[in-house]
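Some notes on the structure that comes next.
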Amino acid sequence: MKLEVDIISKEIIKPSSPTPHHLRHYQLSFLDQISPSVYEPTVLFYTCDGSTEFNITSMSNHLKKSLSDVLTHYYPFAGRINGKNFIDCNDEGIPYFQAKVKCKLVDVIHKPVPGELNHLVPFQLDDITDILFSVQLNVFECGGIAIGVCLSHQIADGLSFFTFINNWAAIANGSQDVLPNPQFVSAKLFPPKNISGFDPRSGIIKDNIICKMFVFDASVVENLRERYADTSSFENEKPPTRVEALSAFIWSRYVAVTRDQSSPQRTHAVVHAVNLRPKMEPPLPPESFGNYYRISMTIPSLNTEEECHGLVKRVRDQIKKIDKDYVRKLQEGNEHLGFLKDSLDRVLVKGELVAFNFTSLCRFPLYDADFGWGKPTWVGVPSLMFKNLVVFVDTKTDGGIEAYVSLKVEDMVKFEEDEELLACVNKARSS
């Protein structure tokens, strides 16, 4: 359904206490510098079920007060980015919008349309500015609400994003036992580099991309894990994870429906985002703030059904290569920047590489954010501006996975009609 959203107010929220002078200059790390120049969006939905009566005015004031308090701990959020190298932590504050949505909350979450969720966040995701963070409180006709938030990917990855949201919620909920303790050390661990010649906007596509959500129930995911474990390559291995198995399945269906477009000159790549925190020596805590991720790239063959079994093992082997030695080389040298430039040249200029990208938010604390009126009914991800991208999110209960799949429009027409895919998705919730 088409969402009608009217912005009814806007104000600027500043930290409740000024940022000390010695913290006014926040240096971006090398990994921040090469992260996509877009906003990361999330929408948290809270249902008014009768047992909870939402007073929107007091609720909004509660959100603004707690936001002001948490910004003293996350002081870069309230600053302004200065070029590609640092943030001026000047306490200018973050935009806070309030909006009315002309429908009921259940109409949105029953069968979500990712592209429509973009109306519930405060910025267009590709319209990156010097503002790093913003909030939009959406009020539905039924009294339910959705908190839409955008954070610049230039300063943080998904785990940092959700850690912040949960710290904000804890302050709002009066949980002062453990104050937020973000670790702002990324520039020391990954010093900034001269990235001239590298464009962090590469790969961002605004037109002819559509995102749809496909829900895979836990039983389906378990069946896929068993299917791909039934091979000689997994004899002495742990079974495929949920993400490994579902990645292989979705990639196989994409290649099956676009096979006629492939040519001998094209190489397919399966790309996974990998959290670097546990790969560090010593490992970093989840509170480590910044872009602590890199990608692994697996080159599969196009003999899809046979290769899916082997693909799971090869993906795992590639991810294993992102270890403490990899991280050390990443910290020390410029090899990685050269690799990125070469890869982008192949994709954008020569068209030799067809990359299919996976990022997983599974096991992230998406459903922990209780601002004082309970945990979210649902957490949605608006449509992102990348071709051949899949974002995995846990369902709230039952161990299933929601897969947000972004493809070219003509590829999606074929993909969503694939019989093998349709046999696996939950048709009641998939968009």
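For segment 205-219, 3J(HN,Hα) computed residue by residue from phi via the Karplus equation (6.51, -1.76, 1.60; θ = phi - 60°) reads 10, 9, 10, 6, 10, 10, 10, 10, 9, 10, 9, 10, 5, 4, 5 Hz, glycine and proline entered as x. The protection proxy used here, the mean number of other Cβ atoms lying within 10 Å of each residue, ranks peptides 4-17, 372-385, 274-287 as follows, highest first: 372-385, 274-287, 4-17. Per-residue Karplus couplings for segment 66-77, computed as 6.51 cos²θ - 1.76 cosθ + 1.60 with θ equal to phi - 60°, are listed in order as 5, 5, 4, 5, 6, 5, 5, 7, 9, 4, x, 4 Hz, Gly and Pro entered as x. Mean sequence separation of contacting Cα pairs (under 8 Å, at least six apart), scaled by the length of the chain, corresponds to a relative contact order of 23 percent. With a cut-off of 13 Å on the backbone N, the residues of segment 71-101 near the modelled label site 7 Å out from Lys14 along Cα-Cβ are 78-79, 90-94.
Return the label of the correct value of semi-axes √(5λ) of the Cα gyration tensor in Å, as calculated from the structure shown, out of [x] 32, 27, 24; [y] 42, 31, 22; [z] 34, 28, 20. Of the listed options [x] 32, 27, 24; [y] 42, 31, 22; [z] 34, 28, 20, [z] comes from this structure. Using the average count of surrounding beta-carbon atoms within 10 Å as a protection proxy, the listed peptides 291-298, 19-26 rank, highest first, as 291-298, 19-26. Considering only Gln154, Gln331, Gln33, the mean-square fluctuation computed in a Gaussian network model of the chain, springs between alpha carbons under 10 angstrom, is largest for Gln331. Net length available on complete extension from Thr129 to Asn236 is 33.5 nm, with 0.36 nm assigned per residue and the Cα-Cα distance removed. Once backbone amide H atoms are built at 1.01 Å from N, Asn291 has Asp32, Asp157 as its partners under 5 Å, excluding neighbours fewer than 5 places away on the same chain. Shape of segment 115-230 from its Cα gyration tensor (a ≥ b ≥ c, root eigenvalues): rounded if a/c is under 1.5, otherwise prolate when a/b > b/c, or oblate? Here segment 115-230 falls in the rounded category. A cut-off of 5 Å between modelled amide H atoms, ignoring neighbours fewer than 5 places along the same chain, links Phe358 with Val271, His272, Ala273, Val390. When the chain is described by a simple charge dipole with +1 on each Lys and Arg Cβ and -1 on each Asp and Glu Cβ, the residue from Phe30, Tyr254, Tyr326 located farthest towards its positive end is Phe30.
Given 0.36 nm per residue, what is the gain on full extension from Ile7 to Lys320 after removing their alpha carbon distance, in nm?
On the way: separation 313, 0.36 × 313 = 112.68 nm, distance 4.69 nm.
My answer for the length gained is 108.0 nm.
The H on the amide N of Thr267, modeled in the peptide plane, is under 5 Å from the matching H of Leu353, Val354, each at least 5 residues off or on a different chain. Largest GNM mean-square fluctuation among Ser288, Ser219, Ser160, using the chain with Cα springs under 10 Å: Ser219.
Tell me the carbon and sulfur percent of the accessible area for the chain, rounded to whole percent, probe radius 1.4 Å. Spell out each step's value before the answer.
Details: 9270 of 18540 Å².
Result for the chain: 50 percent of the exposed heavy-atom area is carbon or sulfur.
Per-residue ellipticity at 222 nm for the chain, helices alone: DSSP H runs ≥ 4 residues times -39500 (n - 2.57), over residue total, nearest 500 deg cm²/dmol? For the chain, the value works out to -8500 deg cm²/dmol.
The values are calculated or read from the model by the stated rules, or taken from the named source; none is laboratory data. None of these values were measured; they are calculated from a predicted model. Cβ coordinates were reconstructed from backbone atoms using ideal geometry, including for glycine residues, and neighbour counts include every protein chain displayed. What goes into the accessible areas is simple: the full protein's heavy atoms, side chains included, and nothing from ligands, DNA or RNA. Shrake-Rupley method; radii C 1.70, N 1.55, O 1.52, S 1.80 Å.
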